[in-house]
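One structure is given below, encoded as structure tokens.
The values are calculated or read from the model by the stated rules, or taken from the named source; none is laboratory data. Everything numeric in this text was worked out from a predicted model, so none of it was measured. Glycine gets a Cβ as well: all are built from the backbone with ideal geometry, and neighbour counts include every protein chain shown. For the accessible areas, the whole protein counts, side chains as well, though only heavy atoms, and no ligand, DNA or RNA atoms are used. Shrake-Rupley method; radii C 1.70, N 1.55, O 1.52, S 1.80 Å.
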Amino acid sequence: MKLFTRMEMIALESAAPAAGASMEALMDGAGLALAKIARARIAQDCFLPAHGRRVVLLCGKGNNGGDGFVCAARLTQWGFPCTIILLHGRPQTGLAARAFEGLPAGLPVLEAAQPQAAEVLAQAGLVIDCVYGFSFHGQLDSLSAGVFRLANALACPRLSADLPSGVECDTAQVSPGAFRAHLTVAFTGEKLAHRCYPAMEYCGETVLCQVGIPPQLLAEASANARLTGPDLAAPLLAPPHTQTNKGNQGRLLLVCGSYGMAGACIMAARAALRCGVGLVHIAAEERLYPILAGAVPEAVFTVFEPSGPLEKLEEAIGNAFALCSACAFGCGLGALADILCPILFAHCARLGGKPLLLDADALNHCAQSGEKPPQTGKPLVLTPHPGEAARLCKTSVKDIQSRRIKTAQALAKAFGADVLLKGAGTVIASPKGPLALNATGNSGMAKGGSGDVLTGIIGSFLARGAEGFQAAAAGAWLHGAAGDLCREELSARAMLPTDVIEALPVIIKKFER
């Protein structure tokens, strides 16, 4: 599904009149859709008008305010008492001004600065935010923040038109004091902020309504971002050809695990095998071999002694790297990352490149040393969680979580890599521009080992020839879909990363039917 930026939506709406949909018709459609959902919410809660409550519409001076005027007029016609509070004065666009002039006689209109505005808001039975929509950026003014603070403290339902005011459409960043909606009515298409935290928390439930854009125009509209879905994974999970063999199903080298963290390697390897890679080749220190060989009997091994001669270690890793079709490394490496990352990067540069995936301690090595993997023209995927991203960006986790889209895009540009920023609403960014937000997954996956499973899934796709962005986006979707299946069967509290591995075949089987 497409996710629109502010400018993409403006371009789409600007093209509508030539396709037969006037801007006035679009505003009427948006206001009507908002009014219908408000009416349904009123019926659900049974509080208007019998309890003496009113619908209070907070309206701005632009076209989002115009949507609110149309909504107020409809609700008034249907017999619901409404009051409009203007946050920034009378409307300043022609469309909104005409909608304002068409309000029913006697419908109360107040300025936010008037003392009685706060009193009316305090008695609201339903609050509808129509102040900014997708046009907001930066920081809220003190008046708006104050009004929203009062609204957010109310026990009544709160709706937003298109996007909650104070939320940035393209970045999903949120200004202090932003409006918190229980339900957001998205017009025409969902925006990036509808699907990315922290904005999603302020949107509440999002309902998409078509308001008059011709379907063909919408289908042809360009959008740089999308929501992940099964269509991304389908080409990578199709049944193998009847004459296929392990040699043409890819060879994944895993450089993962260390003493005390063998499980990271085991989970990555088992996930990769479940996703169809032809061969898993594990490079691991000698004392881990008995553990790994028993847990992953399908794998082949390169065994090394970290404290032995450097030349011997370089030769062992180099031989393994030369045989692989992709390499994933970093899971559970611990201090070994500082020894192995320079060796792997050097072999990658010398051999002309292989698809690489960097996770966990490989990313921590890059953050601490400043070293980056070579640019070889082959896929490069980074999969940081917020803590690793904070170390790479030399900032705090709180800062990363407040600007997840910008962080993923900045890391993609800095490393020339496809970046998957883990967490609720995983963000996948490409240095070439495309962006994807993941819709699958749940809080039960917030356990140690989940990232190792994801590494194995994406590594398997890379080894079989997928491009970096597709491997990361499809991997995020599949990982989350398997996690959602585990939640249904086991509960979010009880499910484990190893359960997600065992759920992968159930999801994959659907693509082979």
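Some notes on this structure:
- Note on the stretch 304-319: among residues that are open to solvent by less than 30 Å² (accessible area, probe 1.4 Å) and assigned to a helix (DSSP H, G or I), the one that is farthest from residue 254 (Cα to Cα) is 313.
- Flag for residue 395 being among the β-branched types (Val, Ile, Thr), in a helix (DSSP H, G or I) and free of Cβ contacts under 8 Å to residues at least 24 places away in the same chain: no
- For the stretch 36-46, a residue qualifies if it is open to solvent by less than 30 Å² (accessible area, probe 1.4 Å) and within 29 Å of the chain's Cα centre (by Cα), and exactly one does: 38.
- Criterion applied to 492, 466, 439 was being among the hydrophobic types (A, V, I, L, M, F, W, C), in a loop (DSSP other than H, G, I, E, B), more than 16 Å from the chain's Cα centre (by Cα) and surrounded by fewer than 21 Cβ atoms within 10 Å (Cβ to Cβ), and the one residue passing it is 492.
- Among (1) open to solvent by 10 Å² or more (accessible area, probe 1.4 Å); (2) touching a Cys at 6+ places or on another chain (Cβ under 9 Å); (3) hydroxyl-bearing (Ser, Thr, Tyr), the one test that residue 132 misses: (2)
- Qualifying position, being surrounded by fewer than 23 Cβ atoms within 10 Å (Cβ to Cβ) and of a type in the set (A, V, I, L, M), among 322, 283: 322
- All positions within the stretch 365-401 that are hydroxyl-bearing (Ser, Thr, Tyr) and either over 19 Å from residue 469 (Cβ atoms) or open to solvent by 50 Å² or more (accessible area, probe 1.4 Å) (or both): 369, 395, 396
- The residue that is farthest from residue 323 (Cα to Cα), among those in the stretch 347-364 that are open to solvent by 10 Å² or more (accessible area, probe 1.4 Å) and at pLDDT 95 or above, is 364.
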